[in-house]
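J.: I have a structure I would like to understand better, so I am pasting it below and will then ask my questions one at a time.
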Amino acid sequence: MASLKGSRQQGSRQRGIALHLVLIVGLLLSVFPFYWAVIMSTHSSTEIFSYPPKLLPGSHFAENVRNLFDNIDFFGSMGNSLLVAGSVTVLVLFFDSLAAFVFAKFEFPGRRTLFALMMAIFMVPAQMAAIPQFVIMAKIGWIGSMTALVVPAAANAFGIFWMRQYMKGAIHDELLDASRIDGAGFLRQYWHVALPVVRPGLAFLGIFTFMGQWNDYAWPLIALTNPDNVTLQVALSQLNGTHGTTDYGMVMTGALLALVPLLIVFAVGARQIIADLGKGAIR
């Protein structure tokens, strides 16, 4: 029996070591693109294409930063991206969670039909809506302004579907019944009962939405006709030169600096998710 128990412990230890090795390899593969971006941002274009490739930091980072700021209005376009991504994220969190609360916890005529219609819209590629959306924005007079980026993205089918599924399992009917007995109306139930329970789901949706809006390139390129009023991704695309004259060190420096807000948002959102899950486990 002792030998059998020892062999089981040894087998479990070996499986644990193998699992950790797989996780370490996966971590290295995930981190390497970020490391490579940092390395390329510190070299000139000539050094980037040299062989063998340079795997250690170079001395051209400050020069690349200066060239970046000289070629585009980096902080102005970053401010535009922050305005658009932040506004859309706040609106999506409000409208999507509100609609999801209704779909998840209330019965009303046509509920299933409306939800099926929403899911059908969810399956339509965004590229198919670009031309009709542009026509609508042009008739309203929003082409060239940030409103054309914010309003169409203020709610989306994915966020409603995600929050509906989350609320169905996280919000118990007994909580809503107790709040109704206490005289809470619909908005009070939504604000004081539903939202505190689903904060991890909101944190994920906020991260997902902010990243999607921050990295969006096609629609801002179409809608923002004023070259002085562009988002960061469109501004970075202007760094691509013609006839092979692109300064890739400068381009990678811009891409690297553009990652900073995303990392901050991800760190804050992930911390919120972990903290709320921890509170739930303790309770």
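J.: Would you confirm, using the coordinates I've provided, whether residue 102 is open to solvent by less than 50 Å² (accessible area, probe 1.4 Å) and either out of contact with any strand residue (DSSP E or B) (no Cβ under 7 Å at 6 or more places or on another chain) or of a type in the set (Lys, Arg) (or both)? Break it down stepwise before answering.
T.: Values: open to solvent by less than 50 Å² (accessible area, probe 1.4 Å): yes; either out of contact with any strand residue (DSSP E or B) (no Cβ under 7 Å at 6 or more places or on another chain) or of a type in the set (Lys, Arg) (or both): yes.
Yes; evaluated as a whole, the condition is true for this residue.
J.: Filter segment 168-200 down to the residues that are among the aliphatic types (A, V, I, L, M) and in contact with a Phe, Trp or Tyr (Cβ under 6 Å, 6 or more places away or on another chain), then identify the one that is nearest to residue 273 (Cα to Cα).
T.: Across segment 168-200, the extreme among qualifying residues is 198.
J.: Those residues that are farther than 12 Å from residue 223 by Cα and touching a residue at least 12 places away in the same chain (Cβ under 8 Å), I need them from segment 127-142; list them, please.
T.: Residue satisfying the conditions is 127 alone.
J.: Output the residues belonging to segment 237-252 that are under 21 Å from the mean Cα position of the chain (by Cα) and either modelled with pLDDT of 90 or more or within 18 Å of residue 47 (Cβ to Cβ) (or both).
T.: 252
J.: If the Cβ limit is 8 Å and pairs must be 6+ apart or interchain, which residue in segment 101-112 that is closer than 19 Å to residue 187 by Cα pairs with which residue that is part of a helix (DSSP H, G or I) and among the hydroxyl-bearing types (Ser, Thr, Tyr)?
T.: Within 8 Å, the pairs are 101/190.
J.: Please return the ranges of helices (runs of 4 or more DSSP H) entirely within segment 113-219 where 2 or more residues are open to solvent by 70 Å² or more (accessible area, probe 1.4 Å) and under 30 Å from residue 76 (Cβ atoms). Break it down stepwise before answering.
T.: Working: elements: 130-140, 147-150, 157-170, 173-181, 199-215.
Of the helices (runs of 4 or more DSSP H) lying wholly inside segment 113-219, those with at least 2 residues that are open to solvent by 70 Å² or more (accessible area, probe 1.4 Å) and under 30 Å from residue 76 (Cβ atoms) span 130-140, 199-215.
Conditions (1) touching a Phe, Trp or Tyr at 6+ places or on another chain (Cβ under 9 Å); (2) at positive phi; (3) of a type in the set (A, V, I, L, M, F, W, C); (4) at pLDDT below 90, marked per residue:
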residue: 79; (1), (2), (3), (4): no, no, no, no
residue: 84; (1), (2), (3), (4): yes, no, yes, no
residue: 95; (1), (2), (3), (4): no, no, yes, no
residue: 105; (1), (2), (3), (4): no, no, no, no
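J.: Next up: Identify all residues within segment 220-255 that are farther than 21 Å from residue 66 by Cβ and either aromatic (Phe, Trp, Tyr) or assigned to a helix (DSSP H, G or I) (or both); write none if there are none.
T.: 220, 221, 222, 223, 233, 234
J.: Do you know which residues across segment 30-43 are among the small types (Gly, Ala, Ser) and open to solvent by less than 30 Å² (accessible area, probe 1.4 Å)?
T.: Result: 37, 41.
J.: Continuing with the same structure: Which pairs have Cβ atoms under 6 Å, sit 6 or more apart or on different chains, and link a residue in segment 183-201 that is closer than 15 Å to residue 168 by Cβ to one that is surrounded by 19 or more Cβ atoms within 10 Å (Cβ to Cβ) and hydroxyl-bearing (Ser, Thr, Tyr)?
T.: 198/166; 201/166
The values are calculated or read from the model by the stated rules, or taken from the named source; none is laboratory data. The model shown is predicted, which means the values in this text are computed figures rather than measured ones. Quick reminder, even Gly has a Cβ in these numbers, built from the backbone with ideal geometry, and neighbours come from all protein chains shown. Surface accessibility is based on the protein's heavy atoms, side chains included, excluding ligands, DNA and RNA. Shrake-Rupley method; radii C 1.70, N 1.55, O 1.52, S 1.80 Å.
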